[in-house]
1. Using only Cα atoms, tell me the angle between helix 59-83 and the longest principal axis of the chain; keep it within 0 to 90° and round to the nearest 10.
2. Run the simple label-point estimate for T109 and R79 please: 7 Å along Cα→C-beta, distance reported in nm.
3. Let me know the number of lysine pairs in the chain closer than 23 Å at the Cα, not counting same-chain pairs under 8 apart.
4. Along the positive direction of the dipole of the chain (beta-carbon charges: Lys, Arg +1; Asp, Glu -1; about the Cα centre), which of A32, T7, G110 reaches farthest?
5. Less than 12 Å Cβ to Cβ from T66, Lys/Arg counted +1 and Asp/Glu -1: what total charge do the surrounding residues give?
6. Summing +1 for each Lys or Arg and -1 for each Asp or Glu, what net charge is found among the other residues whose Cβ lies under 13 Å from the Cβ of C5?
7. Could you give the accessible area per residue of segment 1-108, probe 1.4 Å, as a whole number in Å²?
8. With mean projected area of the Cα convex hull in nm² defined as stated, name the option among (1) 7.4; (2) 8.7; (3) 11.3 computed from the structure displayed.
Amino acid sequence: MHDFCFTFPYGMLLIVGGFIGYMKKGSIVSLAGGAGTGLLVVLAGFISLKAFAKKKNSSLAIVLETVIAGFLTFVMGKRFLQTQKIMPAGLVAGISALMTCFYVYKIATGGNHIPPKAE
């Protein structure tokens with residue numbers, strides 16, 4: 001499985017979550033945090049997809065994805081431990097932890113595997 005296959009839904013989830021936080025509570029921090037990290041994740045996925053189309057790997061994209069997911073795991077995990085609220089902190093921390101593990105796995109296995117050219 002290629003990293004961008006999970007990266008786009010993950011990024012969209014972050015964007016939508018930030019927007020929902022803004023709509024429900026009027027929280028500019030939720031909007032900025034969710035949309036900001038979500039857009040960065042989607043951008044990294046786009047970079048990875050474009051590199052894959054050229055039959056290459058993008059180490060920039062996978063490192064950016066890993067750093068953002070790890071950061072969100074830490075920040076939202078800390079918030080969850082303080083508040084004990086599943087929504088949104090526990091959910092984002094859990095999904096981000098899974099994504100961090102996936103990205104570390106992709107780094108450890110050499111990134112996206114490029115299929116050999118059929119002759």
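1. Computed tilt is about 20 degrees.
2. 3.1 nm
3. For the chain, the number of qualifying lysine pairs is 13.
4. Selected residue: A32.
5. For residues surrounding T66, the net value is -1.
6. -1
7. Ligands and nucleic acids excluded, the result is 60 Å² per residue.
8. Answer by label: (1).
The values are calculated or read from the model by the stated rules, or taken from the named source; none is laboratory data. Everything quoted here is computed from the prediction, not taken from an experiment. We place every Cβ from the backbone using ideal geometry, glycine too, and count neighbours over all the protein chains shown. Accessible surface areas use protein heavy atoms only, side chains included; no ligands, DNA or RNA. Shrake-Rupley method; radii C 1.70, N 1.55, O 1.52, S 1.80 Å.
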